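K.L.:
The following block contains the structure, expressed as structure tokens.
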Amino acid sequence: MKKTTSHALAASALILLLAGCAGNPTGSSMSGMDHGAMPTGSATASSNHNAADTMFAQMMIVHHRQAVSMSDTVLAAPGIDSRVTGLAQRIKAAQDPEIEKMKTMLGTWGEPETMSGSMSMPGMLDESQLAELAGANGVEAAKLFLSQMIAHHQGAVESAKTELRTGSNPEAVQLAKDIIGAQQGEIDEMRLLLAGL
């Protein structure tokens, strides 16, 4: 009788031990549980988003692409002040990687890169404004680029501030903060450049 009871207790202890190991693959208590949960936690955090995050990324990709295109246009124009071409190169260098980052975020979320339907984003140039920039050169092109890009950046800052108020994904919210900081600095720089041309 005692032997049977001992065997039953040992079996129960073994079952409890195995159940504990299954719940915690690392076999350790506190730190093991934290490390074991990290990959799942990270994946959940990165894919956790709302409609505002999706719209922000989709719209900002389009917005950034136009800024890169505007920069290419002024870089190809003759007689542009070197301070303006330097700024255009920096805008391209900053915004190309951000486009890739937003495309990756949307892919992680299972969202398309382009939005269904049409929504205009603040600061976007229309075809006639882009054509005007493409047809200009020298000081005229530099001034036009700066004035258009100031308005363009202001639109991006406005959209990024909306993301801060309404977004939920930490990575998207951080990107919005980065955009506000970088582009507000460039707006200030462009205003000074414009005044000096």
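Read-outs throughout are calculated quantities, based only on the coordinates presented, and are distinct from any laboratory measurement. None of the values given here were measured: they were computed from a predicted structure. Positions of Cβ are generated from backbone atoms using ideal geometry, with glycine treated the same way; all protein chains shown enter the neighbour counts.
K.L.:
What is the number of the single condition among (1) surrounded by 15 or more Cβ atoms within 10 Å (Cβ to Cβ); (2) within 14 Å of the chain's Cα centre (by Cα) that residue 130 does not meet?
P.N.:
(2)
K.L.:
Residues in region 138-146: is at least one among the aromatic types (Phe, Trp, Tyr) and either free of Cβ contacts under 8 Å to residues at least 12 places away in the same chain or within 25 Å of residue 195 (Cα to Cα) (or both)?
P.N.:
Yes, some residue in region 138-146 is among the aromatic types (Phe, Trp, Tyr) and either free of Cβ contacts under 8 Å to residues at least 12 places away in the same chain or within 25 Å of residue 195 (Cα to Cα) (or both).
K.L.:
Mind listing just one residue for me: the one in region 160-197 that is among the charged types (D, E, K, R) and within 15 Å of residue 98 (Cα to Cα) and, of those, surrounded by the most Cβ atoms within 10 Å (Cβ to Cβ)?
P.N.:
Applying the filter and picking the extreme gives 171.
K.L.:
May I ask you to verify whether residue 120 is surrounded by fewer than 13 Cβ atoms within 10 Å (Cβ to Cβ), in a loop (DSSP other than H, G, I, E, B) and polar (S, T, N, Q)?
P.N.:
In short, yes.
K.L.:
Condition first: in contact (Cβ under 8 Å) with a residue 24 or more places away in the chain and either within 15 Å of residue 73 (Cβ to Cβ) or outside any helix (DSSP H, G or I) (or both). Now tell me which residues in region 94-117 satisfy that.
P.N.:
The answer is 95, 110, 111, 112, 113, 114, 115.
K.L.:
Also, quick follow-up: On the given criteria, is residue 62 surrounded by 14 or more Cβ atoms within 10 Å (Cβ to Cβ) and either in contact with a strand residue (DSSP E or B) (Cβ under 8 Å, 6 or more places away or on another chain) or under 19 Å from residue 142 (Cβ atoms) (or both)?
P.N.:
no
K.L.:
Only one of these conditions is not met by residue 63: (1) more than 23 Å from residue 50 (Cα to Cα); (2) in a helix (DSSP H, G or I). Which number is it?
P.N.:
(1)
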